[in-house]
1. Being modelled with pLDDT of 90 or more, within 24 Å of Leu140 (Cα to Cα), basic (Lys, Arg) and in contact with a strand residue (DSSP E or B) (Cβ under 9 Å, 6 or more places away or on another chain) narrows it down to one residue among Lys239, Lys285; which is it?
2. Quick check, is Ala190 of a type outside the set (Lys, Arg) and touching a Leu at 6+ places or on another chain (Cβ under 8 Å)?
3. Residue under question is Arg85, and the condition is that it be modelled with pLDDT under 90, part of a helix (DSSP H, G or I) and touching a helix residue (DSSP H, G or I) at 6+ places or on another chain (Cβ under 8 Å); does it hold?
4. Counting only residues that are in contact (Cβ under 8 Å) with a residue 40 or more places away in the chain and surrounded by 17 or more Cβ atoms within 10 Å (Cβ to Cβ), give me the helices (runs of 4 or more DSSP H) lying completely in region 172-244 with at least 3 of them.
5. Right, Ile222: hydrophobic (A, V, I, L, M, F, W, C), modelled with pLDDT of 95 or more and under 15 Å from the mean Cα position of the chain (by Cα) or not?
6. For residues that are closer than 17 Å to Asp74 by Cβ and out of contact with any Ser or Thr (no Cβ under 8 Å at 6 or more places or on another chain), scanning just region 21-45, find the one that is modelled with the highest pLDDT.
7. Output the number of residues of region 151-207 satisfying the condition of being of a type in the set (Asp, Glu) and more than 18 Å from Leu217 (Cα to Cα).
Amino acid sequence: MKYVGCAVQERFVNPLFEVFPGGDFVLSSFRDVEEPLTRIRIFLEDPADAVRAKEALRSALEIVGAKSEVAEFDMPDDDWKLAYRRHFKTEEIGRRLVTVPAWEPIPSGPRIPVVLDPGLAFGTGKHETTRACLEYIDELSPSPGDKPPSFLDMGCGSGILSIAAAKLGFSPVQGFDVDQEAVDASIENAQRNGVAVEFFRYGLGSRVKAALPSADLVVANILGPLLIRFAGEIAPCAKGHLVISGILDELYSEVLGTFEMLGFSEVSRKTFGEWTTGLLSSPEK
């Protein structure tokens, strides 16, 4: 597998995705928890496309004002498909959850395990936005004997948030993602955890509008600019609370203001590193 890539500060990642011309190339990013920079990559099906891919990436970097060397790399297929396993370890999150890689043993103890093999999908609990969402899901979960609240996961990735919600007593639980690989990974992970979750493919802003379900708790862990762009489609789905996430701290006030104009009010927020996640109360609540 050949790819073109560079490394940038986290604050340039969202703008890069916004201005990248796309076309024949798909931009991807990941940040090693042990490194300060985020790696940007374009994986190439045809190595002959490397020159055009480098030009496209350099153009996007110039537009957002990021200085980084763009280079061409080779990576064995097995390496790039399994590289994520190096940094995905068992980890306690919030009051009651523990995320467990599918290739590691489930630890004993009172915590509720969420067993995952994310594959190429986003969501291991390592990222600040995922952690904040998991904490809110834990805090808003029903007490024994309460009527189970419903849950909707917008941008399900590996299915981690939906699976945690199902294990914490939400029902019914549904989730969607624009990426079919993410949907497939979510379905497999739900089966791995023995929970009933309905996952489906859908992209906010799709020309073919779906009748999206509403839920007592909606979690939208997507990029800040997308939350602003699709606020009108997201808002009607939230009957009780809405968690907005995937937002760089510098953009949070703008995202919050967008939803406040739609009648939402902020309950609280969590800021981890450069990322802020907000818990909002729906106008219907």
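1. Exactly one residue qualifies, and that residue is Lys239.
2. So Ala190 does not fit the description; no.
3. Working: modelled with pLDDT under 90: yes; part of a helix (DSSP H, G or I): yes; touching a helix residue (DSSP H, G or I) at 6+ places or on another chain (Cβ under 8 Å): no.
Here the answer is no, as Arg85 does not meet what is asked.
4. Numbers: elements: 180-193, 224-229, 231-234.
So the answer is 180-193.
5. Answer is no for this residue.
6. Residue satisfying both the conditions and the ranking: Leu44.
7. Counting residues in region 151-207 that are of a type in the set (Asp, Glu) and more than 18 Å from Leu217 (Cα to Cα) gives 4.
The values are calculated or read from the model by the stated rules, or taken from the named source; none is laboratory data. These figures come from a predicted structure and were not determined experimentally. Note that we place each Cβ from the backbone using ideal geometry, even for glycine, and neighbour counts take in every protein chain shown.
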